[in-house]
Amino acid sequence: MSAREEILARIGRAVAGVEDVEIPRHYRTAQQVEDIVGLFAERVDDYRAIVHVLPAAEVPAKIDEAVAGRRMIVPDGFDREGGWADLDTADGVITSCAVAIAETGTIVLDHGPGQGTRAQTLVPDYHLCVVRADQIVAGVPEAIARLDPARPLTWISGPSATSDIELNRVEGVHGPRTLEVIIST
């Protein structure tokens, strides 16, 4: 008998004859947020990202302004022409998202159409993400409900940052140094 089998046998003997207990699980699965776009913008800003809340008609002009002079990766499925760059020469990437979470200021990519590959979103120094207002949910449970667990997920809460032992913040070590978010209302 292996050690694992022995431990499991002991546990089995210890709980033999004990009734199953119903464990109440009253998890919060949905919440109401009065200004979900405002809360998301505030939380993303708290993470030192650049945030713009714009009417949908103004988004294309803001994208043009943000990417002017940059060599950008534009993933398949993103509704925009031109600006292609190779991963090794790109200044940045522009993506959409799968869902955004107001409570945590988190953007979730499932690398579907318009979201690029994981490498495309982590290697460049600049990430411009366009989030539609209807993609913003209040909390994590609502986001999980919208996501496919079989897809690769990248959760982004601000620009990449880490701190050394002396608590000196260093940005851009594990992903883009600059995150800019355009929220389309």
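The values are calculated or read from the model by the stated rules, or taken from the named source; none is laboratory data. Note that the structure is predicted; figures quoted are calculated from it, not measured. Ideal geometry is used to build each Cβ from the backbone, glycine not excepted, and the neighbour counts take in all protein chains shown. The area values use the complete protein model at the heavy-atom level, side chains included, leaving out ligands, DNA and RNA. Shrake-Rupley method; radii C 1.70, N 1.55, O 1.52, S 1.80 Å.
Quick notes
- Distance (nanometres) between label positions extended 7 Å along Cα→Cβ at Arg151 and Leu122: 1.8
- Over segment 24-139, accessible surface divided per residue gives 52 Å², non-protein components excluded, 1.4 Å probe.
- Contour excess over end-to-end distance, with Cα ends at Arg132 and Val33 and 0.36 nm allotted per residue: 34.0 nm
- Cβ-Cβ FRET estimate between Val170 and Asp86, R0 fixed at 22 Å, reported to 0.05: 0.25
- Selection of GluC sites (Glu not before Pro), segment 71-179, meeting DSSP coil and at most 10 other Cβ within 10 Å: Glu81, Glu166
- Karplus 3J(HN,Hα) series, Hz, for segment 160-168 with 6.51 cos²θ - 1.76 cosθ + 1.60 (x for Gly, Pro): 4, 8, 8, 10, 8, 4, 8, 6, 7
- Cα radius of gyration and Dmax for segment 98-185 (Å): 13.5, 41
- Rounded accessible area of Thr178 (nearest 10 Å², 1.4 Å probe): 40
- Leu87, Leu54, ranked by accessible area, largest first (probe 1.4 Å): Leu87, Leu54
- Annotation for segment 1-44: trypsin sites (Lys or Arg not before Pro) lying in DSSP loop with at most 13 further Cβ atoms inside 10 Å of their Cβ are Arg25, Arg28.
- Estimated distance in nm for a label pair at Ser2 and Glu22, the labels positioned 7 Å out from Cα along Cα-to-Cβ: 3.7
- The accessible-area ordering, largest first, of the residues Thr121, Thr89, Thr29 stands as Thr29, Thr89, Thr121, per a 1.4 angstrom probe.
- Carbon and sulfur %, accessible surface of the chain computed with the full protein complex present, 1.4 Å: 52
- Relative to the globular-protein estimate of 2.2 N^0.38 Å, the Cα radius of gyration of the chain stands at 1.34.
- A simple spin-label model places pseudo-atoms 7 Å from Cα toward Cβ; at Ala14 and Arg48 they are separated by 4.6 nm.
- Solvent-accessible ranking of Ser96, Ser163, largest area first, probe 1.4 Å: Ser163, Ser96
- For segment 29-126, the list of chymotrypsin sites (Phe, Trp or Tyr not before Pro) that fall in a loop by DSSP and count at most 12 other C-beta atoms within 10 angstrom reads Trp84.
- Across the options Val170, Ala85, His52, the greatest Cα extent toward the positive end of the charge dipole of the chain (unit charges at beta carbon of Lys, Arg, Asp, Glu) belongs to Val170.
- Theoretical ellipticity at 222 nm over the chain - DSSP helices of four or more residues, -39500 (n - 2.57) apiece, nearest 500: -7000 deg cm²/dmol
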